[in-house]
Amino acid sequence: MSYFRGRRRPSLACLASLVWLVCLSVMVVQAADPIRLTHDGRMKFTPVFVDGGESLTYVDFENPKVFRLRTMNWETKETKVIHEAAPAPEFDPAYSADGNYFSFLRATGGLQVSLVIRNRKSNEEVLIPPEPGFSGYRTPAIAPDSSHMLFSFANNFGQDIFRVEMNGQGRTALTGAKGINIWPSYSPDGKKVLFTSTRDGNYELYEMKPDGSDIKRLTDSPYQDIRGQYSPDGKQIAFVSHRDGNAEIYIANADGTELRRVTRHEERDDYPTWHPDGKHLVCVAERDGSHDLYLLPLSD
Amino acid sequence: MLNIGSFKTKTCSGIGRRSFLQMSGAIPFGLGMSGLGAVTADEVDDVVARAKSIVFVFLWGAPSHLDTCDPKPNANTEYRGPFGVIPTRTPGVHFTELLPKLAQRSDKYTLIRSHIQSAPGHPDGGTVALSGFEENPKPVKPNFGSIIARHRGFRGKLPPFFSIANGVVMDGGRRIEAYGGGEMGAVYDPFMVGASETGEVNIPALALMDDVNPLRISDRRTLLKKLDAVPRSLESAKFRDWNRTYQQAYGLITDPTARQAFDLTRESKQTRQRYGQSVFGQSALLARRLVEAEVPYIQLNYSRHVEAITPGFEFGWDTHLYNFSLLQDQHCPIFDRAFSAFLDDIYDRGLIDDTLIVCMGEFGRTPKINVRAARDHWPQCYFSMWAGAGLQTGRVIGASDKNGEHPITRPITPLMVGTTIAELAGVDSQARAEMRVLDGGRVIDELF
């Protein structure tokens, strides 16, 4: 059970202890000053490391009409657009840990968002179109062994997480269309999936098995807890919470216990992703009204 | 497209960029503003205007009222949405967690939660929101800004009605009918000006030739000669409109004081940062500069288009799909920061007593979550924010029912919005009758 679960009305003493514990943990979780990785200031979303950390792919809000997938060479920090000729917004990138697959979303019409699954070796693509009308996919995640993948899809008054084979076949609903279920993330061993759901009211973090069974709640806050990601060793999770007044990044044990705050700034810190070394996070931070990627060194 | 010049500006990120002033051949069809001195005031200001300037912040596409300023945390899950609520400075009033800065500034404006309107779609709803009347029967009634423009006339170096966006506001390929003068004529259309996320200002009504730097233009004859190259094949009446548009724009760029109103590089880096590196943020900063230049009416548009995640369109508030993600990822952070900075600036610079600020979409969004776990159009209930011109602030006027579906107090209509704006701008009932505008409109008494 999470440290925060069942504590909606704590006593003052408990509350004071809680605040003290959180303050203590804040002091130890970030080891050094963040390192700014980009400098253009444009809005960015969902960075994700590729090929063991050789590069970093993220979404660049290039202009008011376009999301573009952009990749950063981790060694040189040079960036380039992945699909120069893309005629439409592309976003929500995901890669398999074995490097075999790349998946992302492509807007193919008015509020029509298709899912693209690309075999990186053969360059063969499967495009899964949305249903007619306003329809589309979000937040794909590929199993570490590339055996299948997950995505979020809105239907039947809810937003469920679905599982498909890498050829796009065999769609299976996992979470039940209760509330909004989004941001699935596999554990490194592929045995668990971390996701966000509103099934109990507001956005909270949950875990489940890859077949959708054994759903457990990990967080409990009156404000958003979203975008959870397992650490490379699977022992911790990083996520975003608004529990302290704005979007900040937190780390907890994989079961939701021992919450620690990573960032503390009056502006937004969002979209955390683990560096493969497990000692750093990359996030999008708003500073002075601009959004850039930052590397956050973590203490042991 | 005729391209007759460019100039460098320093951007938010400190990088020099070329800002282009361009004019397309289509300008006279949609953007025709009269020439210098051609717009004459209908009457002398016998009535004292409480608002020298009006800024109408148009959240085009229609934000969800439940997910922003009228949350329903006790509604069931079919309605309430996934966001927590936070207290505002106004006792007992809560916003969702997506608008923390505006929640902290609720003492600077009054919130109305009981708007209704009659048109359910964007183009028609936009026309009602901006004119007070439906688009049919024709002719279309004028935009509120056109009424103010006609009343004030062209007295200064700047046009009396600006619309800030990178073009006429549109839904898909269709513009809002009431974007401008409507039945009063294109002479009362807004003068269009846009800003990029880095603070480059674009005036679509102008095309400057590449070898002319507008910061150094002094030879009118040279420029006129270049303009003679403009194709004369345009229909003569429209060419006259275009020529007047050119004259006005020429006046703007050749007059140093007028030109300064568009030069965001004159702002400190800190000021530009407070508004945020976004099109809406820098547009809001431009609006503040136009207020300082005493422009009578400024329509500050959140985006040019309503569409969200649609190829070829600026992303607006029309969130039929992924409403919650789009609000938390983009729209609310951008809006919360920029509009808060704008309010702060107007107050801090002592402009608030002479400026009226109205912020709203064309309608709200369905309180009941739709089949795609998002929200559709809902003209039966929505919100607005009002500040300045001596209005009492820190209040909430009107209320919606438990699910945010309908007002439970007197409904406030777009015609009432326009009538109140006009009244505060000094266009009293007699003037409105003489101009034959806003017929049947009543002032929102609760604001006074």
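Taking the Cβ-Cβ separation of A:THR76 and A:ASP200 as r and a Förster radius of 35 Å, what is the calculated FRET efficiency to the nearest 0.05?
On the way: r = 45 Å, r/R0 = 1.29.
Step by step, r from the Cβ atoms, then E = 0.20.
Quick one: angle between helix A:12-29 and the longest Cα principal axis of chain A, in degrees between 0 and 90, rounded to 10, please.
So the helix axis and the longest Cα principal axis differ by about 60 degrees.
Residues of B:303-316, mean number of Cβ from any other protein chain within 10 Å of their own Cβ, rounded to a whole number?
Rounded to a whole number, the mean comes out at 5.
Go through segment B:52-125 and name the trypsin sites (Lys or Arg not before Pro) that are in a DSSP coil and have 14 or fewer other Cβ atoms within 10 Å of their Cβ.
Working: sites: B:LYS52, B:ARG80, B:ARG89, B:LYS101, B:ARG105, B:LYS108, B:ARG113; in loops: B:LYS52, B:ARG80, B:ARG89, B:ARG105.
Listed in order of number, the matching sites are B:ARG89.
For every other residue with a beta carbon closer than 14 angstrom to the beta carbon of B:ARG89, add +1 if it is Lys or Arg and -1 if Asp or Glu, then tell me the sum.
After counting each charged neighbour, the total is +2.
Work through the residues other than B:GLU423 whose Cβ is under 11 Å from its Cβ and net out their charges, Lys, Arg +1 and Asp, Glu -1.
Here the count lands on +1.
Kindly write out, for segment B:161-172 in residue order, the coupling ³J(HN,Hα) from the Karplus curve 6.51 cos²θ - 1.76 cosθ + 1.60 (θ = phi - 60°), rounded to whole Hz, with x marking Gly and Pro.
My calculation for segment B:161-172 gives 9, 10, 10, 9, 5, 8, x, 5, 5, 9, 10, x Hz in order.
About its Cα centre, what dipole magnitude does segment A:12-297 give when the only charges are +1 on Lys and Arg Cβ and -1 on Asp and Glu Cβ, stated in debye to the nearest 20?
On the way: 31 positive and 39 negative charges, 64 e Å.
Value, rounded to 20: 300 debye.
Just to verify a number: FRET efficiency for B:GLN392 and A:ASP189, C-beta to C-beta distance, R0 = 60 Å, to 0.05?
That gives a FRET efficiency of 0.45.
Go through A:ASN63, A:LEU111, A:ILE35 and say which Cα lies farthest out towards the positive end of the charge dipole of segment A:12-297; charges sit on Cβ, +1 for Lys and Arg, -1 for Asp and Glu.
Positive-end residue among those listed: A:LEU111.
Pairs A:LYS44/A:LYS191; A:LYS80/B:LYS269; B:LYS108/B:LYS368; A:LYS209/A:LYS235; A:LYS178/A:LYS216; A:LYS192/A:LYS235: which are spaced more than 19 Å apart, C-alpha to C-alpha?
Over 19 Å Cα-Cα: A:LYS44/A:LYS191; A:LYS80/B:LYS269; B:LYS108/B:LYS368.
A:SER147 to A:ASP277: FRET efficiency via 1/(1 + (r/R0)^6), r the Cβ-Cβ distance, R0 22 Å, to the nearest 0.05? Display every interim value, and only then the final one.
On the way: r = 26 Å, r/R0 = 1.17.
Approximately 0.30, to the nearest 0.05.
A short reminder: the numbers here are calculations on the coordinates, not readings from a lab. Fair warning: this is a prediction, and the values are worked out from it, not measured in the lab. A quick note on method: Cβ atoms are made from the backbone with ideal geometry, for glycine too, and the neighbour counts reach across all protein chains shown.
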